[in-house]
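Remarks on the structure that follows.
Derivation of every value follows stated rules applied to the coordinates shown; laboratory data play no part. Everything quoted here is computed from the prediction, not taken from an experiment. Cβ atoms come from the backbone with ideal geometry, glycine included; neighbour counts cover every protein chain shown.
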Amino acid sequence: MLHLLKTYTTESVTAGHPDKVCDQISDAILDACLTQDSTSRVAVEAFGSHGYMMLGGEVRTNATIDYAGIARKVYQDIGYTEPLDILEHIAKQSGDIAMGVDTGGAGDQGIMYGYATNETKEMLPLGVVLSHALARRLEALRRGGTLPWARPDGKTQVTISNGKVITALTSTQHTADVSQEEIRAKLIEHLFGPVLGDLTGIEILVNPTGQFIQGGFEADAGLTGRKIMVDTYGGLMPHGGGAFSGKDATKVDRSAAYMCRFAAKNLVANGYGTKVLVSVAYAIGRVEPVMVEAFDDSGKDLSEIVQKNFDFRPRAIIERLGLTRPIFQETAAYGHFGVEGRPWENIEKI
């Protein structure tokens, strides 16, 4: 049975969270490579900590890229002004990997999952939708000047019980000259109320430690790929293990997870189930997946329908979803799913 927990908790983070800064930098580098060379192979990781950042990984591209310049621009665009020393160590992709990928094979082994539910218009669990909505709005309020004391780092969390929010939490970085009482009052007025509606019966938690002045890389390390449940289904569904950001679409960690979401959403949209989980597995360098399965919330096997309507060979996924375009930096915060306009969110008749 799929996602039938009566009580569950999900979280999100703002674009200024250290891990999400790293995700956005990795995907900005990917986009820069694809802009110049749509056949680029990219696997780039970022690690930031206390004024320093290291960029590592492997690429194969004809693009000329200023890696440190891209990283610094993303960092500053998010809203950070603190200095950042950047070390690059990005190598050429292994020929052993290219040998299998060049023939259309998967860029890695692994298991990927996709999920959809009819409980929200986004076809995601309610808690996932609300935690992202809180985080998105928190950043919008900061950027728009409604909360002049807000700084880029932040986290949100909601607890759902029997379909209703019972607890909502926001930790927001802030300047030193604002009281916690003002922060709470303004967030209730401008954040929690507009997103959640009637707050009666909802426990509201704001900056539970008492203050959140030091944030970003000054307070914590960040690493690409460390928020995979924020990126996907909030911990309510399995995740195969591979992160998304910084990887081109030959890496099935990313592209096959997108295709699984595409298949699951279309099965729900076409009435094959109210909740659907799709899973696929690959061997590195092999074209055909070693497994494709799908089930609805009653346990009905939908694998044959998926295999008939969705081609999970890596090149077929890339072509169907248009994954050689530079569209990835925008996905690196507030979840990869449930956002209108992304190709894996399109609904087709099957």
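Details
- Per residue, the convex hull spanned by the alpha carbons of the range 104-163 comes to 191 Å³.
- Net dipole in debye of the range 303-350 [+1 Lys, Arg Cβ; -1 Asp, Glu Cβ; about Cα centre; nearest 20]: 180
- Cα-projected label distance for residue 316 with residue 189, points at 7 Å along beta-carbon direction, nm: 5.6
- Coordinate range of the alpha-carbon atoms in the range 219-293 per principal axis, descending: 47, 31, 16 Å.
- For the range 239-350, the spherically averaged projection of the C-alpha convex hull amounts to 6.9 nm².
- Across q = 0.13 Å⁻¹, the range 132-203 modelled as identical point scatterers on its alpha-carbon atoms has Debye log10 I(q)/I(0) values of -0.35, in the order of the q list.
- Protection proxy ranking of 317-325, 114-122, 283-291, 174-182, by the mean of other Cβ atoms within 10 Å over each peptide's residues and highest first, is 114-122, 317-325, 283-291, 174-182.
- Annotation: peptides 14-22, 153-161, ranked by per-residue average of other Cβ atoms within 10 Å with the highest first, follow the order 14-22, 153-161.
- Rg over Rh for the range 155-301 works out to 1.08, both radii taken from alpha-carbon positions and Rh defined as the Kirkwood radius.
- Of the peptides 227-238, 301-312, 207-218, 81-92, the order by per-residue mean of other Cβ atoms within 10 Å, starting with the highest, comes out as 227-238, 301-312, 207-218, 81-92.
- Hull volume per residue, based on the alpha-carbon atoms of the range 104-233 and their convex hull, is 160 Å³.
- With 10 Å bins from 0: P(r) over the range 191-233, alpha-carbon pairs, percent: 18, 28, 43, 11
- Aspartates and glutamates with Cα under 14 Å of residue 155, excluding same-chain neighbours fewer than 8 positions away: 11, 19, 139, 220, 231
- Taking a straight line from the alpha carbon of residue 349, these lysines sit under 20 Å away, with near neighbours fewer than eight places off in the same chain left out: 121, 265, 275, 308.
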